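Each remark here refers to the structure printed beneath this line.
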Amino acid sequence: MAEHPAYPVGLRLTGRRVVVLGAGQVAQRRLPALIAAGADIVLVSPEATPSVEAMADAGEITWVRRRYEDGDLAEAWYALIATSDPGANSAASAEAERHRVWCVRSDDADLATAWTPATGHSEGVTVAVLTTDARGRDPRHTAAVRDAVVAGLRDGTLVAPHHRTRTAGVALVGGGPGDPDLITVRGRRLLAEADVVIADRLGPRDLLAELPPHVEVIDAAKIPYGRYMAQEAINNALIEHARQGKSVVRLKGGDPFVFGRGMEEVQALAEAGIPCTVVPGISSSISVPGAAGIPVTHRGVAHEFTVVSGHVAPDDERSLVDWPSLAKLTGTLVILMGVDKIGKIAETLVAHGKSPKTPVALVQEGTTAAQRRVDATLATVAETVRAEDVKPPAVIVIGDVVTVGP
C-alpha cells in the first residue's frame with residue numbers, strides 16, 4: 001500500500017452511519033466536521049472531553065458510554081479509531097477491514113484504509129491536502145500547504161476566476177485605517193474579484209496596485225478644501241456600473257458607517273433595486289490610537305471612550321455634539337476630522353470644566369509609513385498643531401490614556 005499514493009475523494013456522509021471510537025482530543029478535533037457533514041454519528045467511549053460531552057448533550061452525536069466491542073462497526077460507512085488502547089484499535093481496524101468500512105486510525109496511519117486530509121474552507125470551497133507518499137508523510141508540511149492556499153483565497157492573493165454567472169451588485173467595503181494589511185479578509189477577497197472599484201482617498205491605496213489590469217478604478221477622493229466627487233455622483237456611478245452587470249466594490253477608509261456616508265450609498269442602492277453587501281472595517285477611532293501606543297480604555301484610567309466628529313466647530317449651528325456634556329466625562333474622547341477645529345474644541349471643553357492640563361495626542365496618517373504622533377494639552381494643542389504643521393487625516397485623543405505607556 002505504501003508504494004501507491006492515496007486516492008483523494010469527497011465523502012457524502014449525510015444521514016449515513018459514522019462510528020467514532022474514543023472521545024479524546026483527536027475526536028474533539030474531528031467531530032465538528034463530521035457533524036457539519038450531516039453524518040449519523042455514534043461515539044463509543046467510556047469517557048469524553050467536556051467539549052465532546054457537550055456535543056452529545058446537544059444531540060449532535062449518539063454517545064455509547066463503554067469501550068469498543070466487536071460488532072460496533074456493523075452498518076457503518078466510515079470509522080474514526082482514536083482510542084488510547086492499541087489492542088482495541090487493532091481489533092476495530094480488523095473489523096473495519098472485514099466489513100469494508102473505510103477506517104482512519106489516529107495511532108498508526110500506515111495501518112489505516114483512509115487518511116484525513118488537512119482541510120480549510122473559503123467561500124463555498126473546501127481545500128483538502130493529502131501527502132501523496134505514505135513513506136514521507138509530513139503533517140506539518142501538509143497543514144502549511146493547506147494554510148497557504150486558504151489564506152491566498154481569503155485575502156485575494158490567490159484568485160480563481162468564477163466561471164458561473166455572478167449576480168451583479170455592490171460591496172461596500174471598509175478598508176481600515178490605511179495599512180493594507182488591516183483590511184478584513186472578506187474585504188480583500190471581494191476587492192480581488194471586483195470589476196470596478198470606486199475608492200476614497202482614505203482607503204488603503206496600496207491595495208489598488210494589486211488589482212488586475214482589467215479592473216476599472218474610479219477616484220472618489222474627497223480631498224479637504226480641494227477637488228471632490230459629489231456624493232450624488234458616487235451614488236450614480238455605483239448604480240450605473242452595477243446595472244451593467246459588473247461586480248462593484250466601494251472602497252472606503254475605516255468603517256463605512258463611522259462618520260462615512262455609507263448609509264447614504266446603501267439607501268441609494270436600495271432605491272435603485274441594487275443588491276448591496278456591507279463589509280465592516282477597522283475604525284481609525286480605535287486602531288490609530290492603538291498603533292500609536294495609546295489604549296482608548298485602560299483599567300483604572302478610563303472606563304469609557306466617546307468618538308466624536310469634529311468636522312464642524314462647537315459654535316457652528318450645524319453641530320449635533322453636546323460639547324458641555326462631553327467636558328464632564330472622565331473617560332477618553334476621540335475626535336475624527338477635527339484638526340482644523342481643535343482650537344475651538346479645546347476652548348469649549350475647558351470652558352465647560354475640562355482641565356487645561358488634560359493630555360492630548362494627535363496621530364497623523366495613522367498605521368501608514370508616514371505615521372507620526374504629536375503630544376500636547378488642551379491649553380497648548382492649538383498652537384502645537386500650527387507649530388508642528390499637523391495635517392489631516394489625523395486622529396485626536398483627549399484624556400489621561402494619552403500618558404499610559406509601557
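Values in this text are rule-based calculations from the coordinates and carry no lab data. Just so we're clear, the structure is a prediction, and the values are computed from it rather than from any experiment. We place every Cβ from the backbone using ideal geometry, glycine too, and count neighbours over all the protein chains shown.
Taking amide H positions as placed in the peptide plane 1.01 Å from N, state which residues far from Val307 in sequence (5 or more) or on other chains have amide H under 5 Å from it.
Result for Val307 returns Val334.
Report the Cα centroid-to-centroid distance between the range 21-79 and the range 348-403 in angstrom, as an integer.
Their Cα centres are 58 Å away from one another.
Limiting things to C-alpha atoms, what are the Rg and the maximum Cα-Cα separation (Dmax) for the range 312-386, in angstroms?
Both quantities, over Cα of the range 312-386: 12.6, 37 Å.
Would you mind computing, in nm to one decimal, how far apart the modelled labels at Ala37 and Leu158 are, each placed 7 Å from Cα along Cα→Cβ?
Reported label-point gap for Ala37 and Leu158 is 2.1 nm.
Cut-off is 10 Å between beta-carbons; in what order do Met55, Met337 appear when sorted fewest neighbours first?
Met337, Met55
Pick from Ser284, Ser247, Ser93: which residue has the top mean-square fluctuation in a GNM of the chain where Cα pairs under 10 Å get a spring?
Result for the chain, Cα springs under 10 Å: Ser93 fluctuates most.
In degrees, nearest 10, range 0 to 90: what is the angle between the Cα axis of helix 25-36 and the longest Cα principal axis of the chain?
On a 0 to 90 degree scale, this one is about 80.
Could you give the length gained on full extension between His298 and Leu208, defined as 0.36 nm per residue of separation minus the Cα-Cα distance, in nm?
Contour length minus the Cα-Cα distance gives 28.8 nm.
Hey, what do the phi angles of the range 191-204 turn into as Karplus ³J(HN,Hα) couplings, whole Hz, using 6.51/-1.76/1.60 and θ = phi - 60°, x for Gly and Pro?
Going residue by residue, I get 5, 5, 9, 6, 9, 9, 10, 9, 10, 7, 4, 8, x, x Hz, with x marking Gly and Pro.
Over all pairs of distinct alpha carbons, what does the Kirkwood formula give as the hydrodynamic radius of the range 1-103, in Å?
13.9
Grab the eigenvalues of the alpha-carbon gyration tensor for the range 168-284, scale each by 5, take roots, and send me the semi-axes largest first in whole angstrom.
With the √(5λ) rule applied to the range 168-284, the semi-axes are 18, 16, 14 Å.
Compute the Kirkwood hydrodynamic radius of the range 80-128, taking the inverse of the mean of 1/r over all pairs of distinct Cα atoms, and give it in Å to one decimal.
11.9
Debye sum, Cα scatterers, the chain, no solvent: what log₁₀ I/I(0) at q = 0.11, 0.14 1/Å?
Values returned for q = 0.11, 0.14 Å⁻¹ are -0.92, -1.10.
When Rg is the radius of gyration of the Cα atoms in the range 260-406 and Rh is its Kirkwood radius, what does Rg/Rh come to?
Here Rg/Rh amounts to 1.02.
What is the dipole size for the range 286-403, taken about its Cα centre, with +1 at each Lys and Arg Cβ and -1 at each Asp and Glu Cβ, in debye to the nearest 20?
240
What is the helix-to-structure angle for 86-99, meaning the angle in degrees between its Cα long axis and the longest Cα principal axis of the chain, kept from 0 to 90 and rounded to the nearest 10?
70
Might you report the magnitude of the Cβ-based charge dipole of the chain about its Cα centre, with Lys and Arg at +1 and Asp and Glu at -1, to the nearest 20 debye?
260
Report the label-to-label distance for Arg98 and Glu69 in nanometres (one decimal), using points 7 Å from each Cα along the Cα→Cβ vector.
Label-label distance for Arg98 and Glu69, simple model: 1.5 nm.
Does anyone have the angle between helix 262-271 and the longest principal axis of the chain? Alpha-carbon axes, 0 to 90°, nearest 10?
Orientation of helix 262-271: about 70 degrees from the principal axis.
Please work out the FRET efficiency for the pair Ser325 and Gln267, using the Cβ-Cβ distance as r and a Förster radius of 22 Å; give the result to the nearest 0.05.
The computed FRET efficiency comes out at 0.15.
Rounded to the nearest 500, what is the 222 nm mean residue ellipticity of the chain from helices alone, with -39500 (n - 2.57) per DSSP H run of 4+ residues and division by all residues?
Taking each H run of at least 4 residues, the total per residue is -8500 deg cm²/dmol.
Name the long-range amide H neighbours of Ser122: under 5 Å, sequence gap of 5 or more, or other chain; modelled H, no Pro or chain starts.
For Ser122, whose amide H was placed from the backbone, the distant partners under 5 Å are Val127.
Rounded to the nearest 0.05, what FRET efficiency is calculated for Ala54 and Ala168 with R0 set to 51 Å and r the Cβ-Cβ distance?
Efficiency, from the Cβ-Cβ distance: 0.75.
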